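K.L.:
Here it is, the structure in full.
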Amino acid sequence: MKSSKRARQAGTLSPGSDPVVDAAREFIETRDPGEAGVGLAGGAKPFRRDRRMAEASADAIMARVRQTSGRNRAPGSRIAMMAIAAVLVAALSSIATIGIIRSSATVEVRFVLSAPEASSVMLAADFNQWTPDGYALKRSPDGHWEITVPLQKGKSYAYNFVIDGERWIVDPSTASRLDDGFGGSSSTISL
Amino acid sequence: MAHHHSARLAAIFWGMALLLALSVPAQAQPSGGSGTGNDKPVGSGGGDKGGYSAPAGRGGTDMAASGSAAADFEVWLSSSREGQRLTSVRERLIAIATPAIEAGVPFQVFSARIREAVAKGVAPDIIVQALEVDAGRWMWLAGVLRGADWPPARSAPDLYLSAASALRNGLMQQAVSDVVTFARSSGAPAEKAGAALTTAAAIVTVYRNGDSLPGILGNAAVLMIHSRLNVGQYAAVADMANRARAAGIDAGRFIAAMEASLGRGGTLADLERSLFG
């Protein structure tokens, strides 16, 4: 539609008024020899092309334009698609990297106590506000009790095992134990 | 094809550039993370350890902040399960805590110790006595740290607790002061200083009944913080002290071995060789 509109807007051209106008007239005469003088002002017939021909011509031109630009756009689209893919891969990799770094800031610590006679063993520590609820060790068939806790690296912690809900003991497997100031002791661990 | 190759190369280049751009800030994240001890629902970072906002070491200089912290402690004492079990000694606890908090001691150290004591079923009077002694140690540490912007508020309670524990277990004040001063001047994490104090205290405990001089063992803390060991290796040093004592190696020789190995940038293996050949 734009093409036909342009054709209609060609308007009239006055001969001799401007070298550009003269060049345009010469071009039109060359292009449309059967319609010499058409579209020129000064006695000539106004420039008027057959509308259907103009539209057909415009459509053909636009089809070629689309075809051409489609061919030209294809590599660009591929680049864009690949760039998007690369961005996605990079973003996912970064998320993974962040995850690894975060996980490297903590370490899974397995607390193990051999207490075959115990009915329950809990872990009470400064990292759980000395509240053993939720930190029950699981008993294995050989009488060992264990729990794995993720802890932040780079610092030390104090802890006790609580046997049967009432007996607080230090970890017998480590030498790091300190007087707690309340008449008992706590084990310490550095990560 | 050349055009496609260059397009792929460009895509790979930009992808890698983006990867690097995204990765660098991620790596710059502090390993300390959020300050939580673990990822369990009942973590150490929750509760009152993370809520302290006034920097430690500015004891007495920000009365409004410390006054607010003292009020926070009273509120905690009134509202917490632990506090409600200590109503008989509530006023005594407040009388102990208030001057300490005003001197710059984070109030969370009081609540942390009270939690531990109540969980262990300690009698209220014993808790008061223990906290009175602890408060004196904490106030001394607040004096050492006065005027400094170290440690960060988030790390301060742990450092205070570690220092008091180390002093309680026989580490000399000079050793604690040396470790804290070194860590502060070198920008070392407060958690590392706390771990060094805890490990040194454990070594002192190993040799407590021996004929060693506490002053000599105090060097262990300084050697730990100066060494190239990471905190995760500290416990191995305490275990080695235990083995060394069992093998008849006295405290003086143990410290000499630490100086000859860890004190010169050596590793745990070097320390082991120094001790056991």
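Readers should treat all values here as calculations from the given coordinates under stated rules, not as data from a laboratory. Here the structure is a predicted model, which is why all the values come from computation and not from measurement. In this analysis, Cβ positions are derived from the backbone assuming ideal geometry, glycine residues included, and neighbour counts consider all displayed protein chains.
K.L.:
So, by mean Cβ neighbours within 10 angstrom, what's the order for A:76-83, B:265-272, A:149-156, B:137-144 with the highest one leading? Before the final figure, lay out each step's value.
P.N.:
On the way: A:76-83: 14.4, B:265-272: 16.1, A:149-156: 22.8, B:137-144: 20.6.
My ranking of the peptides, most packed first, is A:149-156, B:137-144, B:265-272, A:76-83.
K.L.:
A further question on this structure: Using 0.36 nm per residue of separation minus the Cα-Cα distance, give me the extension gain between A:Asp164 and A:Arg52 in nm, one decimal.
P.N.:
30.5 nm
K.L.:
Counting only other chains, and only Cβ atoms inside 10 Å, what mean value do you get across the residues of B:182-195? Spell out each step's value before the answer.
P.N.:
On the way: counts 0, 0, 0, 0, 0, 0, 0, 2, 1, 7, 4, 1, 4, 8.
Taking all residues of B:182-195 together, the mean is 2.
K.L.:
Same structure again: What nm distance separates the two modelled labels at B:Glu132 and A:Ala85, each placed 7 Å from Cα along Cα→Cβ?
P.N.:
7.6
K.L.:
Can you give the relative contact order of segment A:76-190 as a percent, counting alpha carbon pairs under 8 Å and 6+ residues apart?
P.N.:
23
K.L.:
Compute the signed sum of charges (Lys and Arg +1, Asp and Glu -1) over the other residues within less than 14 Å, Cβ to Cβ, of B:Asp270.
P.N.:
+1
K.L.:
Once you list every other residue whose beta carbon is under 14 Å from the beta carbon of A:Arg167, what net charge do they have if Lys and Arg are +1 and Asp and Glu are -1?
P.N.:
Every neighbour counted, the sum reads -3.
K.L.:
Something else about it: Less than 13 Å Cβ to Cβ from B:Ser227, Lys/Arg counted +1 and Asp/Glu -1: what total charge do the surrounding residues give?
P.N.:
Its environment carries a net charge of +1.
K.L.:
On to the next question. Based on C-alpha coordinates, I'd like the Rg and Dmax of segment A:76-190, in Å.
P.N.:
Both quantities, over Cα of segment A:76-190: 21.7, 76 Å.
K.L.:
While we're here: Please find the FRET efficiency linking A:Glu117 to B:Ala123, where r is the Cβ-Cβ separation and R0 is fixed at 25 Å, and quote it to the nearest 0.05.
P.N.:
0.35
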